[in-house]
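Peer 1: The following block contains the structure, expressed as structure tokens.
Nothing in this text is a laboratory measurement; each read-out follows from the coordinates by a stated rule. Note that the structure is a prediction, hence the values are computed from the model and not measured. So basically every Cβ, Gly included, is an ideal-geometry build from the backbone, and we count neighbours across all protein chains shown.
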Amino acid sequence: MGKIQNLKIDDTFTTQLPADPIEADHQRQVKGACFSFVSPTPTNNPTLIHSSAEMAETLGIDNTDSPHFLNIVSGQKNVEGMRPYAMCYGGHQFGNWAGQLGDGRAINIAEVETKSGNWFLQLKGAGRTPYSRGADGLAVLRSSIREYLMSEAMFHLGISTTRALSLSLTGDEVLRDVLYNGNAAYEKGAVVCRTAPSFIRFGNFEIFASWQDKVNLKGLADYTIRTNYPHLGEPSKEVYLQFFKEVAVRSRKMVLDWQRVGFVHGVMNTDNMSILGLTIDYGPYGWLENYDPGWTPNTTDAQHKRYRYGNQPSVVLWNLTQLANAIYPLIEDVPALEAILDEFKTTYQSEYETMMLSKLGIFDSQADDANFINQLTENLRRTETDMTLFFRNLTKLNSTAPIDHLALIQTDSYLSPEDFERKAFQWKAWLNEYATRVKSGNNSETNRHAKMNAINPKYVLRNYMAHVAIESADKGDYSIIDELFQLLKQPYDEQPKNQKWFTKRPSWADEKVGCSMLSCSS
Ligand code: AMP
Ligand code: MG
């Protein structure tokens, strides 16, 4: 028996908030409750593929190899004292109110007390719940690999995120129609045990607001403040407002970090917005390769591209507006809420400029910074330049001979040399200005480069990399999962032996399903 039995279970969510009186998994509207008790569906023959040593350590788990650990993280067995449940929430999907959603394929198994506060353990893909809405409650290996690798990679990038403890195969098969075109096929089923100090989403508040259930709205807000925002003090009108303000600040910092590294979430519905400002629900996410603000990896959003890279900050603000509407009955002060939303806009803009300049190694501001940054992103877009490579390679530019720089940038572009030549005309002026700005700064070159490398990751989980790991895992080889997991633990380090992952997307991945396009069912 592993040490996991020594974990201290401390279920605050289920003991302090109202439960759905029905304990069955049939589909239903759940009113007046924050969650429904459910049991994970036992699986045929679970096996552990990978576990995160860092996350295990945070939780105080020292043995992830035991059958006991596997039983818990694959949903086979409830440990004494564990009472699994699915959370009830609603949400705005693609701009429209969608009503009740809830944990349709996620089951919380326990809240574990640790030195860094309580952590929730949640199994994604462990079977049906009252919120499964006709679907199977299961997850396939490919999407589970993507969530598992990305949550931990995001953490190591220093970006606020839910975490992942383990990735297991269930031993069962799951039927999926990847392209929604009638060609369903069986795939391997898997479960990720994910973890967070809270899985509460904007949608948990919205559902009570939609029922005009102020009692439960207040109960949930009070619980969240006392549990996750205790520094704000005992709940009151003023404290609810401060709470909203802090959620807005955290969400703003999260999206600023996404823009810094080129992460595109893909499904920023309000049910996928964490009340702690954590990146949550890794589905059809992707990484910008050729810089294109209009890009989204999500085929479900191909028409309107609501969740494209360049729109993410505005969407966070839109989502915060929905949260403001939901908790309005607790605050009843429109100007105060609006002031917070307005501040988001102005602060984000100035933080974005500072962040972009820092990526360039410029640490003082000038009046025309917005224009200087716009010209840069416009050049990157026009010459289809790889975002990660461009920023990381910037330290190679020799500030005394800016003219050679064009050749360097060309190697990071997806265009043919001829097309690059044709479209690169505006780079020269920008590069000259850049050289001037860098020279006038008072950082030494070494110091400037160190600062740049600390915020411009060298290694990110490019879409094709996850795809390569998935293809070999499908054949039973999990070594690339571990290789990428280890690589992405030091995303800002040079790691010369891993140089092969510091390269443009290979051309075979250009139009491949799973590399350039993903659907919500991912
Ligand atoms: P997502 O876009 O992945 O955040 O999911 C949106 C909603 O659909 C959530 O309520 C999920 O729980 C639910 N959902 C997605 N996939 C499944 C599935 N395979 N089985 C049950 N519910 C699902
Ligand atoms: Mg979701």
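Peer 1: Give me the number: length gained by fully extending LYS396 to LYS77, i.e. 0.36 nm times residue separation minus the C-alpha to C-alpha distance, one decimal in nm.
Peer 2: Values: separation 319, 0.36 × 319 = 114.84 nm, distance 5.40 nm.
That pair, LYS396 and LYS77, stretches by 109.4 nm at full extension.
Peer 1: For region 435-489, rounded, prolate or oblate, judged on the Cα gyration tensor with a ≥ b ≥ c (square roots of eigenvalues), a/c < 1.5 rounded, else prolate if a/b > b/c? Mind dumping the intermediate values first?
Peer 2: Values: a/c = 7.57, a/b = 3.59, b/c = 2.11.
Here region 435-489 falls in the prolate category.
Peer 1: Which Cα, out of ALA469, PHE243, VAL438, lies furthest along the positive dipole direction of the chain (beta carbon charges, K/R +1, D/E -1)?
Peer 2: Farthest along the dipole direction, towards plus: VAL438.
Peer 1: If you don't mind, another one. State the dimensionless ratio Rg/Rh of the chain (Rg: radius of gyration of Cα atoms; Rh: Kirkwood radius). Intermediate values should be presented prior to the final figure.
Peer 2: Details: Rg = 23.5 Å, Rh = 24.1 Å.
Rg/Rh: 0.97.
Peer 1: Order these by the 10 Å Cβ neighbour count, fewest first: MET517, MET355, MET87.
Peer 2: The fewest-first ordering by Cβ neighbours comes to MET355, MET517, MET87.
Peer 1: DSSP loop trypsin sites (Lys or Arg not before Pro) in region 266-362 with at most 15 other Cβ atoms within 10 Å of their Cβ, which ones?
Peer 2: Answer by residue number: LYS305.
Peer 1: Sequence neighbours fewer than 8 away in the same chain don't count; with that in mind, list the aspartates and glutamates whose C-alpha is under 14 Å from LYS512.
Peer 2: Result set, ordered by chain and number: GLU471.
Peer 1: Suppose each label sits 7 Å from its Cα in the direction of the beta carbon; what would the GLU483-LYS237 distance come out to in nanometres?
Peer 2: 6.1 nm
Peer 1: Scan the chain and report its longest stretch carrying no GluC sites (Glu not before Pro) that are both in a DSSP loop and have at most 14 other Cβ atoms within 10 Å.
Peer 2: Longest run free of exposed loop sites: 81-331.
Peer 1: Next question, about the same structure. Please compute the contact order of the chain in relative form: average sequence separation of alpha-carbon pairs under 8 Å and at least six residues apart, divided by the residue count, as a percent.
Peer 2: In percent, rounded to a whole number, it is 14.
Peer 1: Of MET254, MET273, how do they rank once you tally other Cβ atoms within 10 Å and put the fewest first?
Peer 2: Fewest to most other Cβ atoms nearby, the residues stand as MET254, MET273.
Peer 1: Are any of the pairs LYS115/LYS237; LYS396/LYS504; LYS475/LYS500; LYS305/LYS504 more than 27 Å apart by Cα-Cα distance, and if so, which? Could the numbers behind the result be given before it?
Peer 2: Numbers: LYS115/LYS237 31 Å; LYS396/LYS504 17 Å; LYS475/LYS500 22 Å; LYS305/LYS504 24 Å.
Pairs exceeding the cut-off: LYS115/LYS237.
Peer 1: Bin width 5 Å, alpha-carbon pairs only: give the P(r) of region 214-357 as whole percents, running from 0 to the bin holding the largest distance.
Peer 2: Each 5 Å bin holds this share of Cα pairs: 2, 10, 19, 21, 19, 13, 10, 6, 2, 0.
Peer 1: Determine the distance separating the Cα centre of region 238-301 from the Cα centre of region 316-349; give it in Å without decimals.
Peer 2: 16 Å
Peer 1: Turning to a different aspect of this structure: Using a Förster distance of 25 angstrom, determine the FRET efficiency expected from the C-beta separation of GLU494 and GLU471, and round it to 0.05.
Peer 2: Plugging the Cβ-Cβ distance into 1/(1 + (r/R0)^6) gives 0.35.
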